[in-house]
Protein chains: 2
Amino acid sequence: MTTEQDVRDAARRAKDAAADLAPLARAAKDAALHAMADALIAQTATVLAANTKDLTNGRAAGLTDGLLDRLALDEGRVAAMAQGLRDVAGLPDPVGEVVRGYTLPNGLEVRQVRVPLGVVAIVYEARPNVTVDAAGLCLKSGNAVLLRGSASAYESNTALVAVLAEAAEKAGLPEASVQLVPGTDRESVTHLMRARGLVDVIIPRGGAGLISHVVENSIVPVIETGVGNCHVYVDAGADLDMAERIVLNAKTHRPSVCNAAESLLVHRAVAEEFVPRVVTALRHAGVTVHGDDDVLRLAGGEPMDGPPVLPATDEDWAAEYLSLDLAVAVVDTLDDAVAHIRRWSSGHTEAIVSASQPAIRRFVSRMDSAAVMINASTRFTDGGEFGFGAEIGISTQKLHARGPMGLPELTSTSYLVTGDGHTR
Amino acid sequence: MTTEQDVRDAARRAKDAAADLAPLARAAKDAALHAMADALIAQTATVLAANTKDLTNGRAAGLTDGLLDRLALDEGRVAAMAQGLRDVAGLPDPVGEVVRGYTLPNGLEVRQVRVPLGVVAIVYEARPNVTVDAAGLCLKSGNAVLLRGSASAYESNTALVAVLAEAAEKAGLPEASVQLVPGTDRESVTHLMRARGLVDVIIPRGGAGLISHVVENSIVPVIETGVGNCHVYVDAGADLDMAERIVLNAKTHRPSVCNAAESLLVHRAVAEEFVPRVVTALRHAGVTVHGDDDVLRLAGGEPMDGPPVLPATDEDWAAEYLSLDLAVAVVDTLDDAVAHIRRWSSGHTEAIVSASQPAIRRFVSRMDSAAVMINASTRFTDGGEFGFGAEIGISTQKLHARGPMGLPELTSTSYLVTGDGHTR
């Protein structure tokens, strides 16, 4: 069982490292990222050997094929991780950016400047690529990083962190800039969540269960990521060809991710025409539709190959399916759509398809989500799509960061105030 | 005993109000703030009658004169609260500000826009003026507010909130935009801290005990405010007249506030000259000095009227005295000063007095505090001094907001993405 002392010792080393990382110039950090990428390539065989152990253990433990696939590394995947580090090296350094700056009437110069957060802990599930991505983003933004991956990826993560940490240190970064949190048991996370004052933030990445466990139990500040019950609303007078394209893309382009659509709301004025055609198109694409009474009446009877149209319950309105399922309802007004979304949404991304400027303005002003898409697919809520170059996760909370988080979201700010002997 | 249902019902009403507050234009919010100010003036007698009950109860319960003074209202204090609301009405509306905006290569327009947080809860101690200040700031930034004052100010707060809520509603704001949290018992705060999903943030304002209780027990996100163990470091080669002015101002201008200095560190190169003179000046100003061995040797023996020079212990380095006490140490190097501060500081404000640009640059880059003063008093870390026009508190955490918090810090952001049928 992992002891609190083990975790606190690692966190304390990370805090010491953070103090030395913070003042580093961009060139030093970028050189380290390139050295880490080189080391990953050079030591691919070691990493793959460790990964093979995880896969063997995983098969013995009865992991599903899906999980095994997420866990599996090969030369291509290791090379992609290395390239990810080089890409991060190419991004601007957020540290030192002057966010606000002005001179007060008394002559004091005030500058609000971006600084690293300090020690960032990431708690995540199977994919070993998160180990490398998170390490790269945290170091680039001047933070020490504590990585707590899942037990099923333990051998892979241990090998990856050994390679990264050694390369980083050789390149001149402080010792303990990159560390694995000791232990893969539940206590390991519990102690991490209690290490307030040593750890500055915990970012959980994974399923809803992991995220709510961390959110509810951590006294270290948390950034909540990723649960997405995303809606598409098709307004009266919408271009229905556009609406169909957007619905299909939002649902079927990659159903397993948080920015996929899970619910469709159709204004009654276009329901008669739009519901049958979109349900048919969805079924052709392999989607099971969960419809309200109107949807069942308008499109429930269509005999065709493909998944059925099922009656929707409150569980469907609440569901983040992450699969080829879509809840569909007809609403009488835009305000009814707003009320439905405010009741059921997880606050990730909502989309409106409409040609009406007043309708769009009203919808947008009443949403309470990280992103609102106007005549665009929900799938665009993504750090890469937004041009951030990299993403540590998508925040669905309102404090600190909301929506896709890039490098600036891994920083805090500090006020620098310069005078020449000013007193009050 | 306050039930969870009572608190959740209030929070749910606040959440409904928040949905209608968010889209309000600035003019509507400002008109309501002026109406609230008018109502406070018109109903001063009612407010003072309620305050008299609190004072009577407080005297019976044996409150100290200091607490009674903080609790006491008079016509002037009520007028000042009303003026505070008018001042907030005069500030720019943070809601709708475009924080970032650009067009992606595919033509999608991305706008990151400030939006209200939603429901803001303030948990605070005796001063009734916080009731009015917090309500004004929250409403101006489009948030519904839940106020949880102390039991000792219950009658005053109830009267104030009745006046504010009625005036706000008459002026067209949603019902329940301003509410008192039911109950003044411990359960009342406990239920508030569990109302995740209804309450968006809790801001505790008060002593260290209240703040750490909320930080450690809330599953609603918290913004930590105000504990200040602030340091002044006097560097080798510093202008010692300037240093003395800054130390005296930082310590004695208003010792009971969080941005007062609590520790002084003096570089050995100037200690021989500076320590005796600054200790003498401090003692003349009524300050008890808690010195390390060097300080005791250099200034301990001075016979004079005034408080003594006492030996410092680790408790002194850690102390937020909030009184006319100052811990003083001699350090061998700037890096020793940095190490001392990183070990003992609460991360509020540190000051360096130095004429050396390289020394200042090194010091600043190694601090981990909300504010760093360069040749200026720690007392300038303040929303009013920074020109924010108003302040809801001073954050000493790193997430979301750090340092003095004005209106923008009471907002989140949302991404608005506009296309013409964009899909991935």
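General remarks:
- Cα long-axis angle, helix A:129-140 against chain A (0 to 90 degrees, to the nearest 10): 60
- Separation between Cα centres of segment B:334-391 and segment B:123-163, rounded to whole Å: 32
- The alpha carbon gyration tensor of segment B:10-55 gives principal lengths a ≥ b ≥ c with a/c of 1.5 or higher and a/b no greater than b/c, which makes the shape oblate.
- Here B:Leu210 and A:Val257 are evaluated by their C-beta separation; at R0 = 56 Å the FRET efficiency comes out at 0.85.
- For the rotational copy relationship between B and A, the axis lies nearest to a chain B beta carbon, identified with its distance in whole angstrom as B:His400, 2.
- Structure-based [θ]222 nm, chain A - -39500 (n - 2.57) summed over DSSP H runs of at least 4, per residue, nearest 500: -13500 deg cm²/dmol
- Note on segment A:257-330 and segment B:73-100: Cα centroid distance 48 Å, given to the nearest whole angstrom.
- Degrees between helix A:208-217 axis and first principal axis of chain A (Cα, 0 to 90, nearest 10): 50
- Distance between modelled label sites at A:Asp16 and B:Val99, nm, 7 Å Cα→Cβ extension: 3.6
- Of A:Lys170/B:Lys398; A:Lys398/B:Lys170; A:Lys29/A:Lys398; A:Lys15/A:Lys140; A:Lys398/B:Lys29, pairs whose Cα-Cα distance is over 19 Å: A:Lys170/B:Lys398; A:Lys398/B:Lys170; A:Lys29/A:Lys398; A:Lys398/B:Lys29
- Using the Karplus relation 6.51 cos²θ - 1.76 cosθ + 1.60 with θ = phi - 60°, the per-residue 3J(HN,Hα) values for segment B:81-97 come to 5, 4, 4, x, 5, 5, 4, 5, 4, x, 7, x, 7, x, 5, x, 4 Hz, with x marking Gly and Pro.
- Contact order normalised by residue count of segment A:246-384, Cα under 8 Å, 6+ apart, percent: 29
- Close amide H partners of A:Leu264, meaning residues 5 or more places away or on another chain with modelled amide H under 5 Å apart, are A:Val232, A:Ala327, A:Val328, A:Ala329.
- Between segment B:2-48 and segment B:190-241, the alpha-carbon centres lie 25 Å apart.
- Segment A:268-424 - charge dipole about Cα centre, Lys and Arg +1 at Cβ, Asp and Glu -1, debye rounded to 20: 620
- Leading residue at positive end of dipole, chain B (Cβ point charges), from B:Gln397, B:Leu173, B:Ala281: B:Leu173
- With at most 15 other Cβ atoms within 10 Å, longest stretch of chain B clear of loop GluC sites (Glu not before Pro) (DSSP): B:176-424
- Remark on chain B: ratio of C-alpha radius of gyration to 2.2 N^0.38 Å is 1.10.
- Mean sequence separation of contacting Cα pairs (under 8 Å, at least six apart), scaled by the length of chain B, corresponds to a relative contact order of 18 percent.
- Most mobile listed residue (B:Asn129, B:Asn51, B:Asn106) in chain B, GNM with C-alpha springs under 10 Å: B:Asn106
- With label points set 7 Å from Cα along Cα→Cβ, the inter-copy distances at A:Gly384 are 5.2 nm, sorted shortest first.
- For A:Ser365, A:Ser377, B:Ser369, order by how many other beta-carbon atoms lie within 10 Å, fewest first: A:Ser365, B:Ser369, A:Ser377
- For B:Val222, the residues whose modelled amide H falls within less than 5 Å of its own, excluding neighbours fewer than 5 places apart on the same chain, are B:Ile202.
- Taking the C-alpha atoms only, the angle from helix B:240-252 to the longest principal axis of chain B is near 50 degrees.
- Residues whose amide H comes within less than 5 Å of that of B:Ala126, counting only those at least five positions distant or on another chain, are absent (H built at 1.01 Å from N in the peptide plane).
- Note on A:Asp335 and B:Asp239: with the Förster distance fixed at 56 Å, the Cβ-Cβ geometry gives a FRET efficiency of about 0.30.
- Computed from the C-beta positions of A:Asp65 and A:Thr313 and an R0 of 25 Å, the FRET efficiency is 0.25 to the nearest 0.05.
- Taking a ≥ b ≥ c as the square roots of the eigenvalues of the alpha-carbon gyration tensor, the protein assembly as shown is classed oblate because a/c is 1.5 or more while a/b is no larger than b/c.
Values quoted throughout were computed directly from the atomic coordinates according to the rules given, and no laboratory measurement underlies them. These figures come from a predicted structure and were not determined experimentally. Cβ: placed from backbone, ideal geometry, glycine included. Neighbour counts: every protein chain shown.
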